[in-house]
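Novice: Please find one structure pasted underneath; my questions will follow.
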Amino acid sequence: MEFVLSIWQQPVAKRWLCIFALLVVAWLVGIFFRRLVLPVIRLIVKRTPWLWDDVLFEAGVFKRFARIIPPLIFYNGLEYVPNLSERAEERLSSFAMAIIILFLMRAISAVLIAAERLQHHKTDRPIKGYLQLINILVYMIGVVVIIATLTQREAWPLLSGLGALSAVLLLVFKDTILGFVASVQLSSNDMLRIGDWIEMPSAGADGDVIDISLHTVKVRNFDQTITTIPTWRMISESYKNWRGMFDAGGRRIKRSILIDATSVHFISAEETQKFAEFRLLDRYIRAKKQELMEWNEALGKASPVNQRRLTNLGSFRTYAQAYIDTHKDIHRSMPCMVRQLASEGAGIPIEVYCFTSTTAWVRYERIQGDIFDHLYAILPEFGLRHYQKPTGIDVREAAFRSSAMAADVDD
């Protein structure tokens with residue numbers, strides 16, 4: 001006991017014992033908050049009906065604010081340490097304040113993370129870029145304040161000194177500045193949202209946007225790879241956003257069937273009667289026959305070449321139009337037509353142009369496939385052939401027929 005009292009009576013030992021005791025108290029308070037207070041807060045948060053407190057807790061906001069308490073206790077307790085010189089107190093106070101500022105910066109960063117998560121739950125218009133910029137500014141200002149605290153100088157002269165380094169800062173933060181400007185334009189003009197399907201061939205991106213940040217936009221491609229695009233490229237380069245298709249509720253079918261021109265002919269009376277039995281053509285055949293009869297009667301005894309007659313290609317085009325008009329999966333309020341395009345020497349293109357009533361990819365492909373399966377299968381009923389380039393089998397069959405004809409001639 002006398003030994004302890006003798007040590008306590010020594011100014012230096014007394015001073016360091018008090019500092020050590022202050023550190024122990026701060027450490028114990030930190031453990032108290034970490035082991036007891038935070039679990040209680042967690043239980044309260046779990047039982048509340050609100051979402052925001054859960055997000056704050058998961059982002060570590062309470063945990064990071066709790067870390068400020070121990071250095072704050074140490075900072076405020078220094079004035080009670082006996083025999084502590086003014087210079088030593090200033091240095092220890094500066095060190096404690098620097099730690100407080102550091103933990104405060106991390107706490108503010110956690111609040112920004114929680115804000116981004118809350119916004120993500122409410123809307124698909126991202127503010128992550130703005131929050132990241134605020135986070136960068138917080139850390140920049142915090143670092144300057146920490147340096148000013150440790151060097152015991154005013155923070156404003158240090159901040160004003162950054163103006164002299166503006167050229168260097170512009171170079172260092174070039175991508176950040178470009179990304180911020182791009183983020184503002186993307187958000188204010190509603191050009192891009194999380195969940196949008198975009199195509200950007202220059203970046204090799206074709207998939208859904210999964211993240212929009214200050215510096216990058218992440219796209220999950222349909223082959224499950226991830227493409228990372230600098231945010232500034234989203235306003236300086238062109239890309240296709242399929243959001244309009246999903247909002248409209250219809251997805252376009254635009255595909256052609258190539259008809260062999262040598263299979264096109266005027267239809268005979270027997271074929272006319274046959275086509276009239278098609279449910280989708282009976283009204284067309286009757287109306288067309290009446291129209292052509294009146295037209296040809298007006299010509300009198302003109303040559304059959306000058307008369308108008310039905311063709312199998314025109315009848316097929318009308319049938320295809322009637323087929324998609326009555327299809328249950330075709331959007332009724334959007335353009336729907338079957339048209340003949342200009343031939344470029346590879347058959348006569350008959351294009352189907354319409355919109356499905358669904359935007360789901362798998363169902364869209366199924367509807368499109370069913371329509372063209374039927375149209376390809378019905379071609380022979382109209383005496384039409386699909387145009388395709390000759391294959392090895394076609395060449396062999398042609399050679400075989402030529403050999404057979406030559407043999408017949410020799411006989």
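The values are calculated or read from the model by the stated rules, or taken from the named source; none is laboratory data. Remember, predicted model here, so these are calculated numbers, not experimental data. Glycine also receives a Cβ, built like all others from the backbone with ideal geometry; neighbour counts cover every protein chain displayed.
Novice: Taking region 345-380, which residues are touching a strand residue (DSSP E or B) at 6+ places or on another chain (Cβ under 8 Å), surrounded by fewer than 18 Cβ atoms within 10 Å (Cβ to Cβ), among the hydrophobic types (A, V, I, L, M, F, W, C) and closer than 23 Å to Ser333 by Cα?
Specialist: Phe372
Novice: Could I ask something else about it? Which pairs have Cβ atoms under 7 Å, sit 6 or more apart or on different chains, and link a residue in region 201-217 that is more than 22 Å from Lys174 (Cβ to Cβ) to one that is modelled with pLDDT under 90 and of a type outside the set (D, E, K, R)?
Specialist: Qualifying pairs under 7 Å: Asp208/Gly195; Val209/Leu192; Val209/Ile194; Val209/Gly195; Ile210/Ile194.
Novice: Still on this model: Being loosely packed, with under 15 Cβ neighbours inside 10 Å and small (Gly, Ala, Ser) is the filter; apply it to region 244-260 and report the residue that is nearest to Gly369 (Cα to Cα).
Specialist: Among them, the one singled out is Gly249.
Novice: Something else about it: Where in region 19-68 are there helices (runs of 4 or more DSSP H), lying fully within it, with 1 or more residues that are under 41 Å from the mean Cα position of the chain (by Cα) and loosely packed, with under 12 Cβ neighbours inside 10 Å?
Specialist: Here the list reads 38-47.
Novice: While we're here: Considering each of Leu375, Leu384, Leu313 in turn, give the residue that is touching a helix residue (DSSP H, G or I) at 6+ places or on another chain (Cβ under 7 Å), assigned to a helix (DSSP H, G or I) and at pLDDT 80 or above.
Specialist: Details: Leu384 fails: assigned to a helix (DSSP H, G or I); Leu313 fails: touching a helix residue (DSSP H, G or I) at 6+ places or on another chain (Cβ under 7 Å).
Going through Leu375, Leu384, Leu313 in turn, just one is touching a helix residue (DSSP H, G or I) at 6+ places or on another chain (Cβ under 7 Å), assigned to a helix (DSSP H, G or I) and at pLDDT 80 or above: Leu375.
Novice: Another question about this same structure. Kindly list the number of the only condition in (1) closer than 21 Å to Ile136 by Cβ; (2) buried (at least 16 other Cβ atoms within 10 Å of the Cβ) that fails for Val181.
Specialist: The one condition Val181 does not meet is (2).
Novice: Continuing with this model, one more query. What are the pairs with Cβ atoms under 7 angstrom where one residue, in region 137-156, is farther than 15 Å from Leu104 by Cα and the other, located anywhere, is surrounded by fewer than 16 Cβ atoms within 10 Å (Cβ to Cβ) and of a type outside the set (A, V, I, L, M)? Sequence gap at least six, or different chains.
Specialist: Ala148/Glu154; Gln152/Glu90
Novice: In addition: Say we look at region 259-290 and pick out the residues that are closer than 30 Å to Glu344 by Cβ and of a type in the set (Val, Ile, Thr); which of these is modelled with the lowest pLDDT?
Specialist: It comes out as Ile267.
Novice: Any idea how many residues of region 227-242 are of a type in the set (A, V, I, L, M, F, W, C), farther than 15 Å from Val184 by Cβ and surrounded by fewer than 20 Cβ atoms within 10 Å (Cβ to Cβ)?
Specialist: Summing the residues that are of a type in the set (A, V, I, L, M, F, W, C), farther than 15 Å from Val184 by Cβ and surrounded by fewer than 20 Cβ atoms within 10 Å (Cβ to Cβ) in region 227-242 gives 1.
Novice: Can you tell which of Arg255, Arg286 is at negative phi, basic (Lys, Arg) and not assigned by TED's automatic domain parsing to the domain that holds His331?
Specialist: Sole residue among the options that is at negative phi, basic (Lys, Arg) and not assigned by TED's automatic domain parsing to the domain that holds His331: Arg286.
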